[in-house]
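Working notes, structure below.
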Amino acid sequence: MCGIVGYVGEREALPIILNSLQRIEYRGYDSCGILVQDNNEGKIHVHKSMKSIAQLKKNMSKSEYAGTLGIGHTRWATHGVPSRRNAHPHFDCDGEIAVVHNGIIENFQALKEGPLSNCRFKSDTDTEVIPHLIHQSLEKFNHQTSQKSSIKDAVRECLSHLKGSYAIIATAKGFDGLVVARKDSPLIIGVGDRENFIASDVPAVLDQTNRIIYLEEGDIAVVKKDSIYIENGDSEVKREEKIIPWTIEDAEKGGYEHFMLKEIHEEPKAIIDTLRGYLSEDGINLGVEFDAGRILMVACGTSYYAALCGKYIIEHLAKVPVQVELASEFNYSDFVLDDMMVMAITQSGETADTLMALKKAKRFGCKTVAITNVVGSTATRIADDTIYVRAGPEIGVAATKSFIVQLVTFYLLGLSRAKMPERELVERIDDLKWIPQLAQVVLDEEDVNIQKHARYLAGYENVFFVGRGVNLSIALEGALKLKEVSYIHAEGYAAGELKHGPFALLTKDTPVIAILSRDHIYEKTLVNVKEIKARGAPVIAIAETGDDEVEKYVDRVIRVPKTSAIFSPIPNTVALHLLAYWTAKARRCEIDKPRNLAKSVTVE
Ligand code: F6R
């Protein structure tokens with residue numbers, strides 16, 4: 001959703017800016033731009049491009065772009081098509097004030113036609129109003145005080161005119177620092193030794209520092225090589241510096257061709273790390289009071305499907321009613337919020353729709369909990385409590401390991417309030433400890449068990465995924481993953497629902513992936529599969545090892561290890577994540593950067 005970065009220090013800024021941008025390219029990759037300022041020579045160097053950062057790294061030379069202060073931007077277009085002219089940074093009329101921006105300025109048109117009507121605009125973006133407004137404020141201050149006013153005050157005045165969301169980095173020719181500000185879009189400062197870094201996300205700076213300051217809503221900061229000044233409203237504020245436990249290796253590909261594959265292979269470790277955080281000899285302790293009579297989960301995308309699975313898990317284990325809403329729908333609905341506990345499920349902790357939903361729940365006086373992967377993210381600051389899933393940094397645009405640890409959290413939540421005899425509870429907790437192995441077994445058989453089916457699937461353009469009960473959401477997740485990385489049209493359905501309409505689409509060219517776990521509705525799902533076969537569609541079953549029955553009715557079988565029904569989403573998910581990856585690979589898709597997408601959707 002656009003990534004912005006900045007550097008000020010004593011080293012050459014160009015390689016640092018390019019590296020940082022490359023690490024957060026997942027936030028947008030339709031164009032990019034960098035600015036390096038050489039304060040010794042009084043020069044500004046700017047480069048905008050439709051190429052990837054990797055290509056820029058090859059083509060740009062430090063000597064041509066010398067300077068120890070820089071800013072950069074990697075774009076996910078909102079206003080204005082992807083093009084060099086719309087790439088950031090954007091400037092004022094004199095080309096002296098530069099801004100990179102993540103977010104949306106909703107009133108940009110009114111500003112262009114009103115107070116900025118005399119300015120020359122060179123792009124179609126909303127962002128471009130910002131440097132022009134800063135310029136106007138500086139002019140006004142200079143005129144009033146006949147003294148060169150600080151760029152920070154001009155930024156502050158400019159922000160008072162903006163409606164919408166922003167994280168910005170601004171600088172001006174001859175200025176030895178960066179002015180940064182945020183509202184409803186994330187922004188962090190990486191603290192170094194006689195140098196400082198700015199970025200939308202932590203992975204951008206992880207190779208330089210793990211000392212992170214998370215800026216809060218309304219913060220404006222002036223960042224120089226040896227000082228960080230932050231104010232909010234009229235007064236200076238101190239923000240705590242956090243040490244981030246992630247390492248740079250966590251945020252690199254580690255020999256895998258794609259982040260997505262690496263992250264699927266990290267699923268067992270992510271499960272272990274999450275379990276280790278909350279499960280000990282003394283039982284389960286999530287550090288959150290979980291006593292509500294009803295739960296509402298709000299989320300988007302993959303996190304929404306995890307929440308749907310969570311509903312089954314928690315209702316099954318704890319007998320607590322759970323309702324799940326898409327955050328983007330919930331925000332504008334007349335949903336009746338009473339004394340329920342509201343859980344926001346969000347990997348990034350920055351998804352705009354989910355944050356809005358959290359704020360709405362708070363306005364209604366509900367107790368709120370964020371279930372997120374990112375320490376210090378905005379969701380954690382809005383919610384009353386936070387449960388961290390411990391996936392480590394997730395860079396691939398398609399969520400994988402974060403989904404599986406969201407499920408783990410629901411097992412922990414459900415079991416922490418389980419309504420069952422003690423002996424059964426002990427057994428369930430023992431089963432839970434085994435789930436990393438279940439995931440590992442699927443990974444170990446990736447080449448024999450998944451890849452050949454992926455090559456087969458790659459030849460089709462329409463695919464259905466079906467499941468029932470706790471695995472309905474896994475079918476939905478399987479379809480989402482396949483469509484976003486392989487561009488095959490895929491739909492997830494409750495297995496019993498196809499006959500109510502989608503049957504009309506079934507032909508020999510619409511394979512159906514059927515999740516056939518041995519649960520209480522196995523026989524019913526098998527009947528659904530037979531109905532599908534009778535309509536001529538090829539069926540690939542995801543079935544447990546040892547289930548020989550299934551082979552009689554389907555064309556192909558992907559094997560997953562046997563487990564109790566409630567934990568079957570774990571191996572099924574790993575299998576479907578791998579299937580999506582290898583299908584996309586067979587179709588030679590841009591797996592880590594699917595077209596039109598970006599990770600962390602920080603606009604509504
Ligand atoms: C799909 C995917 C997205 C995210 C969604 C919510 O693979 O990654 O659907 O799940 O944008 O993101 P978070 O969980 O960060 O709120």
Members of the stretch 573-602 that are of a type in the set (V, I, T) and away from the ligand (no atom under 11 Å from the Cβ): T573, V574, T583, I591
Residue in the stretch 406-417 that is without any contact (Cβ under 8 Å) to a residue 12 or more places away in the chain, open to solvent by 20 Å² or more (accessible area, probe 1.4 Å) and away from the ligand (no atom under 15 Å from the Cβ) present: no
Members of the stretch 299-324 that are within 14 Å of the ligand (Cβ to nearest atom), of a type outside the set (A, V, I, L, M) and either in contact with a Leu (Cβ under 8 Å, 6 or more places away or on another chain) or not in a helix (DSSP H, G or I) (or both): C300, G301, T302, Y304, Y305, C309, G310
In the stretch 559-572, residue farthest from the ligand (Cβ to nearest atom) [restricted to those that are outside any loop (DSSP other than H, G, I, E, B) and buried (at least 24 other Cβ atoms within 10 Å of the Cβ)]: V560
Subset tally (residues that are farther than 15 Å from A565 by Cα and open to solvent by 50 Å² or more (accessible area, probe 1.4 Å)) for the stretch 434-462: 13
Pairs, first among the small types (G, A, S) in the stretch 337-356, second within 7 Å of the ligand (Cβ to nearest atom), C-beta under 8 Å, six or more apart: A344/A299; A344/T354; S348/K599; S348/S600; A352/V601
Verdict on I435 being at pLDDT 95 or above, within 13 Å of the ligand (Cβ to nearest atom) and within 21 Å of E477 (Cα to Cα): no
Close pairs (8 angstrom Cβ cut-off, 6 or more residues apart or separate chains): without any contact (Cβ under 8 Å) to a residue 24 or more places away in the chain and within 19 Å of H258 (Cα to Cα) in the stretch 479-490, open to solvent by less than 40 Å² (accessible area, probe 1.4 Å) and more than 8 Å from the ligand (Cβ to nearest atom) anywhere: K483/A490
Pairs, first under 17 Å from A383 (Cβ atoms) in the stretch 281-306, second assigned to a strand (DSSP E or B) and more than 16 Å from the ligand (Cβ to nearest atom), C-beta under 6 Å, six or more apart: V288/D385; A292/M341; I295/V322; I295/M341; L296/Q323
Any helices (runs of 4 or more DSSP H) falling wholly within the stretch 353-445 and containing at least 3 residues that are touching a Phe, Trp or Tyr at 6+ places or on another chain (Cβ under 8 Å) and within 18 Å of E267 (Cβ to Cβ): 401-416, 422-444
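Kindly indicate which of Y581, Y553 is of a type in the set (F, W, Y) and over 22 Å from V408 (Cβ atoms).
Step by step, each of Y581, Y553 is checked, and only Y553 is of a type in the set (F, W, Y) and over 22 Å from V408 (Cβ atoms).
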Hey, R468 away from the ligand (no atom under 16 Å from the Cβ), charged (D, E, K, R), surrounded by 22 or more Cβ atoms within 10 Å (Cβ to Cβ) and over 26 Å from K269 (Cα atoms) or not: yes
Flag for E139 being charged (D, E, K, R), out of contact with any Gly (no Cβ under 6 Å at 6 or more places or on another chain) and surrounded by 24 or more Cβ atoms within 10 Å (Cβ to Cβ): no
Evaluation of V180 against (1) within 21 Å of M1 (Cβ to Cβ); (2) touching a Ser or Thr at 6+ places or on another chain (Cβ under 8 Å); (3) open to solvent by less than 10 Å² (accessible area, probe 1.4 Å); (4) in a strand (DSSP E or B) (one fails), failing number: (2)
So I474, is it within 16 Å of the ligand (Cβ to nearest atom), open to solvent by less than 10 Å² (accessible area, probe 1.4 Å) and within 19 Å of K311 (Cα to Cα): yes
Any hit, the stretch 494-517, residues being within 30 Å of the chain's Cα centre (by Cα), open to solvent by 20 Å² or more (accessible area, probe 1.4 Å) and outside the structural domain of G310 (by TED's automatic domain parsing): yes
Where V470 falls short, out of the listed (1) at positive phi; (2) in contact with a Cys (Cβ under 8 Å, 6 or more places away or on another chain): (1)
Hey, D430 open to solvent by less than 60 Å² (accessible area, probe 1.4 Å), out of contact with any Pro (no Cβ under 7 Å at 6 or more places or on another chain) and more than 16 Å from the ligand (Cβ to nearest atom) or not: no
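The values are calculated or read from the model by the stated rules, or taken from the named source; none is laboratory data. None of the values given here were measured: they were computed from a predicted structure. With ideal geometry, Cβ positions are generated from the backbone for all residues, glycine too; neighbour counts draw on all protein chains shown. Note: accessible area is taken over every heavy atom of the protein model, side chains too, but ligands, DNA and RNA are not part of it. Shrake-Rupley method; radii C 1.70, N 1.55, O 1.52, S 1.80 Å.
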